[in-house]
């Protein structure tokens, strides 16, 4: 079946340092890949999505490239801020799957220290 | 814009009790979802509904019932609460078919005593 594996958290960084959260996926189909972010006390919200292989998505200084060969979608940011402290979820949905069947990773908690 | 409202924010029940969680959305979205969030396990789909009066089971539907009384509301019932069910339950909605975005509520935290 479909699955998503991501960096186990928590990840603790100092403000201004760079971030990489690894995301690997398994599927036999052609997925759209997503990064969602969940701030404390809120529900997850879409950070960005990428429907096509070899394309890059970005938002709020975060970016990820859909690497079909490596089956990866790693999240990166050059310089994190304290306000980036949140839980980050990698997810996939296959175009042929039933509506809403997003498969989420376990989530990676990011803690940014000022 | 719109909003998804989940009630209550915190729900405390006794083991074996039947408990109901409610969700309202004013996006006018067709599709609604219930996810369970457990620490270290991500989000798992319990039930979803493509339109009013439709119900579809997700990966974790055993022990739960759902009801889509009208387009704007979707409720989830824990039929017999168990201590290992303590988690956050998230409601979401989306426009409908296609590669659309899910919009989530802020969750109901369930504690079973």
With Cα springs under 10 Å, the Gaussian network model of chain B assigns the largest mean-square fluctuation among B:101, B:20, B:77 to B:101
Distance in nm between residue A:18 and residue A:5 label points, each 7 Å along Cα→Cβ, equals 2.4 nm
Of B:41, B:18, B:71, the most mobile residue in a GNM of chain B (C-alpha springs, cutoff 10 Å) is B:41
Counting other chain Cβ atoms within 10 Å of each Cβ in A:44-50 and taking the mean gives 3
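Just subtract the alpha-carbon distance of residue B:51 and residue B:3 from 0.36 nm times their residue separation and send over the number in nm, one decimal. Mind dumping the intermediate values first?
On the way: separation 48, 0.36 × 48 = 17.28 nm, distance 1.80 nm.
Stretched fully, the residue B:51-residue B:3 segment lengthens by 15.5 nm.
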In a Gaussian network model of chain A with springs linking alpha carbons closer than 10 Å, the residue among A:78, A:91, A:64 that fluctuates most is A:78
In this structure, the FRET efficiency calculated for residue A:45 and residue B:67 from their beta-carbon separation, with R0 = 30 Å, to the nearest 0.05, is 0.70
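Dividing the alpha-carbon radius of gyration of segment A:22-77 by 2.2 N^0.38 Å (N being the number of residues), what value is obtained? The partial results should precede the final answer.
Numbers: Rg = 11.6 Å, N = 56, 2.2 N^0.38 = 10.2 Å.
Segment A:22-77 yields a ratio of 1.14.
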The percentage of Cα-Cα pairs in the protein assembly as shown separated by more than 22 Å is 51 percent
note: chain B, Cα-Cα separations exceeding 19 Å make up a percent value of 39 percent
Residues of segment B:34-66 with backbone N under 18 Å of the label point set 7 Å from the Cα of residue A:94 along Cα→Cβ are B:45, B:57-60
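Compute the Cα gyration tensor for segment A:10-49, then decide on rounded, prolate or oblate, letting a ≥ b ≥ c be the square roots of its eigenvalues: rounded whenever a/c is under 1.5, prolate when a/b is larger than b/c in the other cases, and oblate in all that remain.
Numbers: a/c = 2.66, a/b = 1.51, b/c = 1.76.
Since a/c reaches 1.5 but b/c is at least a/b, the shape of segment A:10-49 is classed as oblate.
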The rounded separation in angstrom of the Cα centers of segment A:5-54 and segment B:57-113 is 22 Å
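Coordinate-derived values only; no laboratory data. Everything quoted here is computed from the prediction, not taken from an experiment. Neighbour counts run over all protein chains shown; Cβ positions are idealised from the backbone, glycine included.
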